[in-house]
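Data block below; observations after.
The values are calculated or read from the model by the stated rules, or taken from the named source; none is laboratory data. The structure displayed is predicted, hence computed values, not measured ones. Every residue, glycine among them, receives a Cβ derived from its backbone with ideal geometry; neighbour counts consider all protein chains shown.
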Amino acid sequence: MARPEAPTTIRRTAAPATPRPRLVVSDLYAVRSGRELWRNVSAAFDAGTTTSIWGPSGVGKSTLLACLGLLDTVTSGTITLDGDELTRTRGRTRRHLHRDVFGFLFQDHGLVDDWTVAKNLDVALVARRVPRRQRAGRRSAALRRVGLDGVRTTKASRLSGGERQRVALARLLLHEPRVVLADEPTASLDDANAEMVVDVLRAFAEGGAVVVVATHDERVITASDQVLELAGTGLHEAR
Amino acid sequence: MGRALARPSSPQWRAWRSQTVVTLWFSALLAAAMICLLVWSSVRSRARSLAVHRAHGFSPFRRHGRLLAVVAALGGTAPLIAFFGPHPMAVPDIPLMRAITTGLALAAAFALLAWPAAVWCERRPGARARSAGGSTVRHRLEGDVHGSS
């Protein structure tokens, strides 16, 4: 299988004067179905920056993101957030992390097809314990932010790919996570929608969140502060 | 006690049983088919719902739904009370109560089948990595780049 060429245009914006590592992974190692996915994965993801993880298909970018967000488990290694080790968290602590710290933007949008847009958005609001009377206003504001209006009662299955991704973005805005993990967020989106996704991710970073994106998309990579290439032997700086 | 209780050996019990046994068998077969169909159709949606809720930090109880838990509890206990309680024939002899009992039992059977199936779907390694599961139907409308998947 031919390896895609590394992106040629990588723009790096000025990093904070004293970068404070927020999410740090050390020597992560993952085996799936008896096959080694990657090993020696070590990196630090700073607050206020956007990091793109780039690599050939099948190398395990999605699995790495799922592991970073504690939706999947690593075979060995440690993940720390502000010095707290997360790898062995379970139960209530892990639920707290998913509720208040980690936010996901899935490649397949992560919407429940049978639910309306409002109900899909409510998941984030209910998780954050937003009172019922405030939900409608917040939902509308988030939908306006992503350029979607009048779809509140539409079922997710009736939306186009671009609209579904925008609903997922709106849900992420309502979730207000400190760590954003986005898996191919612009896959199959046109330029306008991709630009909106990039803008929202940048806004999260500017708001002080850690943003990690697994992507092949040069539009995302050029907007990132840090670009890492994932290979079987680990994460490497991609120029 | 005002009325005689029907015991499993009494003529009243045997009459009721002979009248209903064939109906019950057919009903059971139909119900089983219906439950399998419902479970099959709901597993995908429920698995995705579970995965989305898990990614947002919901507890297992809230992920699985309080209402379904209540239905399962009622559905599990109602038949037991009806058939093995202090007045075994009293409940089945009232058509409405029999219907409610059967309905609750079916709901419980559905819940008890659907939940493990959905949890199994959610827990599959692939489903966990992709988390919320993917739609098999792609809608190529506005926002999609035509020609890409």
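So which residues in the range A:97-110 are farther than 16 Å from A:CYS67 by Cβ and either at the interface with chain B (Cβ under 7 Å from one of its Cβ atoms) or among the charged types (D, E, K, R) (or both)?
Across the range A:97-110, the qualifying residues are A:ARG99, A:ASP100, A:ASP108, A:GLY110.
With the requirement that a residue be assigned to a helix (DSSP H, G or I), under 26 Å from A:SER160 (Cα atoms) and not small (Gly, Ala, Ser), what does the range A:111-135 give you?
If the condition is that a residue be assigned to a helix (DSSP H, G or I), under 26 Å from A:SER160 (Cα atoms) and not small (Gly, Ala, Ser), then A:VAL117, A:LYS119, A:ASN120, A:LEU121, A:ASP122, A:VAL123, A:LEU125, A:VAL126, A:ARG135 are the ones that fit.
Hey, any hits in the range A:18-41 for a residue that's of a type in the set (Phe, Trp, Tyr), modelled with pLDDT of 85 or more and buried (at least 19 other Cβ atoms within 10 Å of the Cβ)?
Yes, the range A:18-41 contains at least one residue that is of a type in the set (Phe, Trp, Tyr), modelled with pLDDT of 85 or more and buried (at least 19 other Cβ atoms within 10 Å of the Cβ).
For the range A:42-73, how many residues meet the condition of being closer than 12 Å to A:GLY232 by Cα and among the aliphatic types (A, V, I, L, M)?
2
Among A:ARG135, A:ARG94, A:ARG128, A:ARG90, which is touching an Asp or Glu at 6+ places or on another chain (Cβ under 8 Å), surrounded by fewer than 19 Cβ atoms within 10 Å (Cβ to Cβ) and within 13 Å of chain B (Cβ to nearest Cβ)?
Exactly one of A:ARG135, A:ARG94, A:ARG128, A:ARG90 is touching an Asp or Glu at 6+ places or on another chain (Cβ under 8 Å), surrounded by fewer than 19 Cβ atoms within 10 Å (Cβ to Cβ) and within 13 Å of chain B (Cβ to nearest Cβ), namely A:ARG128.
All but one of (1) more than 9 Å from chain B (Cβ to nearest Cβ); (2) at pLDDT below 90 hold for A:LEU174; state the number of the condition that does not hold.
A:LEU174 satisfies every listed condition except (2).
Tally time: how many residues in the range A:28-71 are within 14 Å of chain B (Cβ to nearest Cβ), among the aliphatic types (A, V, I, L, M), farther than 25 Å from A:ASP199 by Cα and touching a residue at least 40 places away in the same chain (Cβ under 8 Å)?
Total satisfying the criteria: 4.
I want to confirm something. Restricting to the range A:149-170 and keeping residues that are polar (S, T, N, Q) and in a helix (DSSP H, G or I), which single residue is surrounded by the most Cβ atoms within 10 Å (Cβ to Cβ)?
A:GLN165
Which of (1) β-branched (Val, Ile, Thr); (2) under 14 Å from the mean Cα position of the chain (by Cα); (3) not in a helix (DSSP H, G or I) does A:VAL200 not meet, given it meets every other one?
(3)
Residue by residue, here is whether (1) part of a strand (DSSP E or B); (2) closer than 12 Å to A:LEU23 by Cα; (3) among the aromatic types (Phe, Trp, Tyr) holds:
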site	(1), (2), (3)
A:ILE53	yes, no, no
A:GLY58	no, no, no
A:LEU64	no, no, no
A:GLY77	yes, no, no
A:THR80	yes, yes, no
A:ARG92	no, no, no
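Looking for whichever is buried (at least 16 other Cβ atoms within 10 Å of the Cβ), within 14 Å of chain B (Cβ to nearest Cβ), at negative phi and not charged (D, E, K, R) here; the options are A:LEU201, A:LEU228, A:LEU189, A:LEU235. Which one fits?
Answer to the selection: A:LEU189.
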